[in-house]
Amino acid sequence: MVTKSKELFETAKRYIPGGVNSPVRAFGSVGRTPRFISSSHGSRIVDVDGNELIDYVCSWGPGILGHAPGRVIEKVQRACERGLTFGAPTENEVVLAELIAELVPSIEVSRLVSSGTEAVMSAVRAARGYTRRDKIIKFKGCYHGHSDGLLVKAGSGALTTSVPDSAGVPVDYTRHTLTALYNDKSSVEKLFRENPDQIAAVIVEPVAANMGVVLPEAGFLEFLREITKNNGALLIFDEVITGFRLALGGAQEYFHVTPDLTTLGKIAGGGMPIGVYGGKREIMEMVSPEGPVYQAGTLSGNPIATTAGIETLQILKEDPDIYKRLSEKAEKIEKAVKAAAGESVCVNRIGSLLSVFFTSERVSDYESALSSDTAGYADCFSYLLDHGIYTAPSQFEAMFVSDAHTEEDIAYTCRVLGDYYTSVGSYGRV
């Protein structure tokens, strides 16, 4: 029963575009009414109608410990009593920056901001300031937030300057953004050949997680590291999702590839609004007030987000086995789907990140991800939701497992998934 959620959604649509403050929340691609959440605990969320759901969205990644972990909540409550924001330096900013430098291989110096979008926008600006070049390369299907210069898509087969992927973005804002194909080395090489001494940076999600989970092919990240070095460009890893989730040091620790700049978010704030960009000292010295690259923000490094981030990272640091546990739980779900669905779906998983694509094709890039039967995904989403399991309301998002998911949660999820796939044809309920 979702009576109150329906009522709230109808009211919201009168005052908020589409009734939501982030598009995927509208459930548009799955044809359902969005659930309005009232509370959470551990592996569960509870909607305003009192329905309790096992949550595999985990606030799009940061809920690695589960919802409302006691140690984090206690520290945040104490921090709130001292004040929510000062617009001035605090000790916790220093503590968090020092902790990030200890844990993330590429980061010597970092700047705290308020979102992943802001972190990426600022990292690109720093890369351009450092190299004194204008062009950047991004990959089709990789999402780096909604700043104007990165909201682009490639033309039909033409790996040239991209056109805006959103109304309201002037073409001039994206004319220096070049688009290559994820996992396609030749597309990157072509852009470097055609734009000699003009490319400031290559930015990539080391594990793509915004076209569904798509893993880098063997040697792809190493190739990006080499070609950027050889051409005087910087390599930026967008680890807003993979940072502290794939490993304590993120994807760069997992794959042993060290970028020049890294962007972080989500888990670094323990679920509170935060973003981080950082890297080599010589690059970050370009950032104001030390250098000429300007960036500022009243809420940057605010005392509540830094408190939540410090405690979350400390818990992860104290428990090195957490990543093994997370991977084992996600692997059980992966195996359950494969056992029930066979060749009719493609399951991509790395650590605690996974996606089930409703296609028999191997998904290795944006184009193969688009071969998915989104109607089939929507049908599976509805089946899971009706059985108390909350997954991403879009085929092209990730499924996240948290440390709070119990063995009983995983077993139940595997059983429901098995029931679903054994009761359908290749794509669609019977």
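The values are calculated or read from the model by the stated rules, or taken from the named source; none is laboratory data. Please read these numbers as outputs of a predicted model, since none were measured by experiment. All Cβ positions, glycine included, derive from the backbone under ideal geometry; neighbour counts span all protein chains shown. Note: accessible area is taken over every heavy atom of the protein model, side chains too, but ligands, DNA and RNA are not part of it. Shrake-Rupley method; radii C 1.70, N 1.55, O 1.52, S 1.80 Å.
Given the whole protein assembly as supplied and a 1.4 Å probe, what does the accessible area of Glu290 come to in Å², nearest 10?
So the heavy atoms of Glu290 present about 130 Å² to solvent.
Specify the inter-centroid distance of the range 178-215 and the range 293-341, based on alpha-carbon positions, in whole Å.
With the range 178-215 and the range 293-341 each reduced to a Cα centre, they are spaced 26 Å.
Which whole-number percent gives the relative contact order of the range 1-105, counting Cα pairs below 8 Å spaced six or more residues apart?
Working: 80 pairs, mean separation 18.1, N = 105.
Relative contact order of the range 1-105: 17 percent.
Leaving ligands and nucleic acids out of the surface, order His176, His256, His144, His387 by accessible area at 1.4 Å, largest first.
Ranked from most to least accessible, the order is His256, His387, His176, His144.
With every atom except the alpha carbons ignored, what do you get for Rg and Dmax of the range 23-75, in angstroms?
12.3, 39
Quote the convex hull volume per residue of the range 213-342, based on C-alpha atoms, as a whole number of Å³.
Each residue corresponds to 141 Å³ of Cα convex hull volume.
Taking only the Cα atoms of the chain, how large is their convex hull per residue, in Å³? Spell out each step's value before the answer.
Details: hull volume 61.8 nm³, N = 430.
Given the Cα convex hull of the chain, per-residue volume reads 144 Å³.
Would you calculate the convex hull of the Cα atoms in the range 315-430 and tell me its volume per residue in Å³?
101 Å³
Stretch Gln77-Glu407 to full length: gain in nm at 0.36 nm per residue minus the Cα-Cα span?
So the extension gain works out to 115.8 nm.
Roughly speaking, to the nearest percent, how much of the chain's 1.4 Å accessible area is carbon and sulfur? Walk me through the intermediate numbers first.
Details: 9180 of 18170 Å².
It is 51 percent, rounded to a whole number.
Per the helix-only calculation at 222 nm, which mean residue ellipticity applies to the chain, given -39500 (n - 2.57) for every DSSP H run of n ≥ 4 and division by its residues, nearest 500 deg cm²/dmol?
It lands at -11500 deg cm²/dmol.
Distance between the C-alpha centers of the range 41-109 and the range 347-424? Whole Å please.
Answer, in whole Å: 26.
Hand me the trypsin sites (Lys or Arg not before Pro) from the range 224-258 located in a DSSP loop with no more than 12 other Cβ atoms within 10 Å, in residue order please. Could the numbers behind the result be given before it?
Details: sites: Arg225, Lys229, Arg245; in loops: Arg245.
Hits after loop and neighbour filter: nothing returned.
What residues qualify as long-range amide H neighbours of Ala208, i.e. H under 5 Å apart, gap of 5 or more or another chain, H built at 1.01 Å from N?
Under 5 Å from the amide H of Ala208 lie the amide H atoms of Val214, each far enough along the sequence or on another chain.
Can you give the accessible area per residue of the chain, in Å², using a 1.4 Å probe?
That works out to 42 Å² for each residue.
Check which residues have an amide H placed less than 5 Å from Glu397's amide H, if you skip close sequence neighbours.
Here Gly212 satisfy the definition.
Given the chain, what percent of its DSSP beta bridges are antiparallel, to the nearest 5? Please report the intermediate quantities before stating the final value.
Details: 30 of 49 bridges.
If I count the DSSP bridges inside the chain, around 60 percent turn out antiparallel.
Can you pull a Stokes-Einstein diffusion coefficient for the range 1-147 at 4 °C (1.567 mPa s), Rh from Kirkwood over Cα pairs, as a whole number of µm²/s?
On the way: Rh = 19.2 Å.
For these conditions, the coefficient is 67 µm²/s.
For the range 39-189, what does the relative contact order come out to in percent, with C-alpha contacts under 8 Å and a separation of six or more?
13 percent
Residue-wise, which Karplus ³J(HN,Hα) couplings in Hz belong to the range 267-279, taking 6.51 cos²θ - 1.76 cosθ + 1.60, θ = phi - 60°, and x for glycine or proline?
5, 4, x, x, x, 7, x, 7, x, 9, 10, x, x
Between Thr406 and residues 5 or more places away or on another chain, which pairs have amide H atoms under 5 Å apart, with H built 1.01 Å from N, and which residues are they?
none
Counting pairwise Cα distances across the range 256-297, what percent come out greater than 17 angstrom?
It works out to 44 percent of all Cα pairs.
To the nearest µm²/s, what D does Stokes-Einstein give for the range 221-290 at 10 °C and 1.306 mPa s, using the Kirkwood radius over alpha carbon pairs as Rh? Walk me through the numbers before you get to the answer.
Values: Rh = 12.9 Å.
For the chosen part, D equals 123 µm²/s.
Which whole-Hz couplings ³J(HN,Hα) result when phi for each residue of the range 47-63 is put into the Karplus expression 6.51 cos²θ - 1.76 cosθ + 1.60, θ = phi - 60°, listed in order with x for Gly and Pro?
For the range 47-63, the Karplus curve yields 8, 5, 8, x, 6, 9, 10, 6, 9, 10, 9, 6, 6, 6, x, x, x Hz.
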